[in-house]
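**Student:** Let me give you the structure first, and then I'll get to my questions.
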Amino acid sequence: MRLYMAPMEGITGWGYRRIYEKYFGHIDKYFTPFLSPGQDRVFTHRELQEILPEHNEGMEVVPQLLANRSGDFIWAAGELKQMGYREVNFNLGCPSGTVVAKRKGSGMLADPEALDECLYQIFEALDMKISIKTRIGKTEPEEFYELLSIYNRYPLSELIIHPRVQKEFYKGLPHMDIFREAEKESRNPVCYNGNLFTAADFEQFHLEFPNQDRVMLGRGLISNPALAAQIQEAGPRKPADEEILKQFHDELLAYYMEIMPGERNVLFKMKELWTYLLASFEDGEKLGKKIKKAQHLAEYRAAAEALFAEKRIRTDTGFRG
């Protein structure tokens, strides 16, 4: 089974990926948060930090591109190829309202004809692996049948499917009937993404889709960094090691303190992480509130230290959003 780390804006940046790989690993491919190339034909400083080869050594990293014009995509992919990347991923899944309003991400799914023309121009121009991460439509699941017929016209390295439509965001259950059809009818390798929060979720998925050989993990992996290891390793399932999780947290905190100006920015980053990570701890809500209310790093450190010292890792760890 090949396991991928989903791109999560604001969380899975290059520093997080490096530190995660050091302490947990078991990820076959990491996808960057999206790069958004425009007509000015430059990467921002933040985007360059994501894709610098020295920041991604020892990992298979795929840059993800968010674009609505083939020319912007082609330029960015060409630059990435010169940097040594062999694959780029086309983001057709982001459900954010501000992204969709620009006809990017899952906003492109509303106009299949324009999407088809964009893909045609991209594949005509580029000689490198191109994968797609997609939702199944803009408003209705049935839109996916036409989208799949378009995707089948192109030699994708893989088609990563989050089986929800844009308007559902992350609510409700994924449309597994649509994914089943995709697995059967796709001419390209298919990867599943969505609601695999625990090792038990994965086991149930694998029972239903025994031929599926690749999945992408997002919120479940951030809430339980040991999830990939729990899926890959044979034998009894074990919770994350408390000391390793603390070392991971401490190094991540030190990294943000080094690269970010001011306590406020560091606290914002760490609090965002705890939105997910708190799910790993038994009865951690009270100390979790102290973490979220902390206004200074000293307060934050005290609350986080207490949480690691006093609370145990849950045996049924999983995202509970």
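The values are calculated or read from the model by the stated rules, or taken from the named source; none is laboratory data. Remember, it's a predicted structure, so these values are computed and weren't measured experimentally. Reconstructed Cβ throughout: ideal geometry from the backbone, glycine too, with neighbour counts over all protein chains shown. Remember, those area values only see protein heavy atoms, side chains included, never the ligands or the DNA or RNA. Shrake-Rupley method; radii C 1.70, N 1.55, O 1.52, S 1.80 Å.
**Student:** Is it the case, given these coordinates, that ARG187 is closer than 24 Å to ILE130 by Cα, at pLDDT 95 or above and assigned to a loop (DSSP other than H, G, I, E, B)?
**Tutor:** Working: closer than 24 Å to ILE130 by Cα: yes; at pLDDT 95 or above: yes; assigned to a loop (DSSP other than H, G, I, E, B): yes.
Here the answer is yes, as ARG187 does meet what is asked.
**Student:** Give me the residue from region 303-321 that is assigned to a helix (DSSP H, G or I) and touching a residue at least 12 places away in the same chain (Cβ under 8 Å) and, out of that set, most open to solvent (accessible area, probe 1.4 Å). Working first, answer last.
**Tutor:** Here is the first cut: in region 303-321, the ones assigned to a helix (DSSP H, G or I) are 303-310.
Now restrict to residues that are touching a residue at least 12 places away in the same chain (Cβ under 8 Å): 303-304, 306-308, 310.
Values: ALA303: 7, ALA304: 3, ALA306: 23, LEU307: 0, PHE308: 25, GLU310: 122 Å².
It comes out as GLU310.
**Student:** Looking at region 163-192, which of the residues that are open to solvent by less than 10 Å² (accessible area, probe 1.4 Å) and in contact with a strand residue (DSSP E or B) (Cβ under 7 Å, 6 or more places away or on another chain) is farthest from ARG314 (Cα to Cα)?
**Tutor:** Checking each candidate, the answer is ALA182.
**Student:** Okay, next question. Write out, first by first residue and then by second, each pair whose Cβ atoms fall under 7 Å of each other, whose residues are 6+ apart or on separate chains, and whose first residue, in region 189-216, is touching a residue at least 60 places away in the same chain (Cβ under 8 Å) and under 18 Å from GLU168 (Cβ atoms) while the second is of a type in the set (D, E, K, R) and assigned to a helix (DSSP H, G or I).
**Tutor:** Matching pairs, first to second residue: PHE197/ARG219.
**Student:** Scan region 75-99 residue by residue and report those that are over 20 Å from TYR151 (Cα atoms) and hydrophobic (A, V, I, L, M, F, W, C).
**Tutor:** TRP75, ALA76, LEU80, MET83, VAL99
**Student:** Among the residues of region 279-301, count how many are open to solvent by less than 60 Å² (accessible area, probe 1.4 Å) and either of a type in the set (Gly, Ala, Ser) or in contact (Cβ under 8 Å) with a residue 40 or more places away in the chain (or both).
**Tutor:** 6
**Student:** Then there is this: For region 31-85, name all the residues that are among the β-branched types (Val, Ile, Thr) and under 16 Å from CYS118 (Cα atoms).
**Tutor:** Across region 31-85, the qualifying residue is only ILE74.
**Student:** Would you confirm, using the coordinates I've provided, whether ARG153 is closer than 28 Å to GLY13 by Cα and either of a type in the set (Lys, Arg) or surrounded by fewer than 17 Cβ atoms within 10 Å (Cβ to Cβ) (or both)?
**Tutor:** No: the conditions fail for ARG153.
**Student:** In this structure, does SER70 turn out to be open to solvent by less than 50 Å² (accessible area, probe 1.4 Å) and touching a helix residue (DSSP H, G or I) at 6+ places or on another chain (Cβ under 9 Å)?
**Tutor:** yes
**Student:** Can you tell me which residue is farthest from GLY172 (Cα to Cα) among those in region 309-321 that are more than 26 Å from the chain's Cα centre (by Cα) and not aliphatic (A, V, I, L, M)?
**Tutor:** Going residue by residue through region 309-321, those that are more than 26 Å from the chain's Cα centre (by Cα) are 309-312.
Next, from what is left, pick out any that are not aliphatic (A, V, I, L, M): 310-312.
Details: GLU310: 34, LYS311: 31, ARG312: 30 Å.
Among those residues, the one meeting the criterion is GLU310.
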